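Here's the structure we're looking at; comments come further down.
The values are calculated or read from the model by the stated rules, or taken from the named source; none is laboratory data. These numbers were taken from a predicted model, which means no experiment stands behind them. Counting neighbours? That spans all protein chains shown, and the Cβs are built from the backbone with ideal geometry, glycine included. Surface accessibility is based on the protein's heavy atoms, side chains included, excluding ligands, DNA and RNA. Shrake-Rupley method; radii C 1.70, N 1.55, O 1.52, S 1.80 Å.
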Amino acid sequence: MDGRCVLSYGGDCCRPDLALNDYLDFDIVNRPSREPGLQHWRWQRGSAIALTPFGLWFIFQMLLMPDFDYQTIAPWLATTFNSFAMTVLLTTLLVHSLLGLQVVIEDYIANPLQRALIRITRFIGIAILVAAIISIFAI
Amino acid sequence: MTNSRPRPISPHLQIYRPQLTAVLSSLHRLSGLFLSAAAVGLAGWVITLGLGESIFASAQQFLSSGYGAGLIALGLFGFFYHLANGLRHLCWDWGYGYDIKNVYRSGWMVVACSLTAGTAAALISL
């Protein structure tokens, strides 16, 4: 955090009375940005492009899977490439999903509940992702 | 006040004839919401794999039931629809296909591609 001022959508001045964390106009890595909408747009398109090959890879792998018992799936996920690809898939899925959910919440739910819900979805999403990644490497 | 002729009102959704563009747009959001839930399910599936053989087996038992197969099929349709329409969005972002004729043409292409891929994948998944 470098303490730069963060622009909100409507105004052209920063609000020194608000702590940086009071703005939700962050990109996904919590970097304050002068162009929050642009960062949102970039992360959404970037994650969409990344999800195309990784999502298709996962679905084809599952459709081609001969069996779905533990003795087949665990060794499949334990290989270096598959565990790496699965980690990338789940992470980009989380980024893309949180950005999409944020837009839906912003469209239908008014403040202050809106801000709370966006934070809650981010918190839950990141918690689930961390648990999933730990599981991948615990196998 | 004479009110012989009713004043025009703004076009509410209920009286708007559904158009391909609007329907596909809502479906994109709807499938996105469903796929977000599916992503949580996918993460949960991976977590059960880490929790051990017996828990994974019960997760797998649910997925192979009728409900599980239905959810997977719905997820596959949702995935291919969201993917196809997402690629359409990316084309727009790069400035292509933003005239009415091409918006409709690409819209019907999305319908055809997602139905074909979704049906094929759902049949293979059974």
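What the table shows:
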item	result
Residues being within 20 Å of the chain's Cα centre (by Cα), open to solvent by 70 Å² or more (accessible area, probe 1.4 Å) and either under 29 Å from residue B:109 (Cα atoms) or facing chain A (nearest Cβ under 9 Å) (or both) - total across the stretch B:47-76	2
Flag for residue A:135 being of a type outside the set (Phe, Trp, Tyr), closer than 19 Å to residue A:50 by Cα and buried (at least 16 other Cβ atoms within 10 Å of the Cβ)	no
Meets criteria (closer than 19 Å to residue A:100 by Cβ and among the hydrophobic types (A, V, I, L, M, F, W, C)) for residue B:73	no
Test for residue B:44: is it at the interface with another protein chain (Cβ under 7 Å from one of its Cβ atoms), closer than 22 Å to residue A:99 by Cβ and not hydrophobic (A, V, I, L, M, F, W, C)	no
Flag if residue A:71 is more than 7 Å from chain B (Cβ to nearest Cβ), modelled with pLDDT under 95, open to solvent by 40 Å² or more (accessible area, probe 1.4 Å) and assigned to a helix (DSSP H, G or I)	yes
Conditions (1) touching a residue at least 24 places away in the same chain (Cβ under 8 Å); (2) within 7 Å of another protein chain (Cβ to nearest Cβ): number failed by residue B:28	(2)
Qualifying residue in the stretch A:60-80 (condition: closer than 22 Å to residue B:74 by Cα and in contact with a Leu (Cβ under 7 Å, 6 or more places away or on another chain))	no
Inter-residue pairs, beta-carbon under 8 Å, first more than 8 Å from chain B (Cβ to nearest Cβ) and more than 24 Å from residue B:47 (Cα to Cα) and in the stretch A:87-114, second open to solvent by less than 50 Å² (accessible area, probe 1.4 Å) and among the polar types (S, T, N, Q), 6+ apart	A:102/A:121; A:105/A:114; A:105/A:121; A:106/A:114
Qualifying residue in the stretch B:11-20 (condition: within 18 Å of residue A:59 (Cα to Cα) and not hydrophobic (A, V, I, L, M, F, W, C))	no
Odd one out for residue B:96, checked against (1) modelled with pLDDT of 95 or more; (2) surrounded by fewer than 16 Cβ atoms within 10 Å (Cβ to Cβ)	(1)
Test: residue in the stretch B:19-29 that is at negative phi, open to solvent by less than 80 Å² (accessible area, probe 1.4 Å), of a type outside the set (Lys, Arg) and more than 16 Å from the chain's Cα centre (by Cα)	yes
Cβ-Cβ under 7 Å pairs, at least 6 apart or on other chains, the stretch B:89-102 side facing chain A (nearest Cβ under 10 Å), far side of a type outside the set (A, V, I, L, M)	B:90/A:45; B:93/A:45
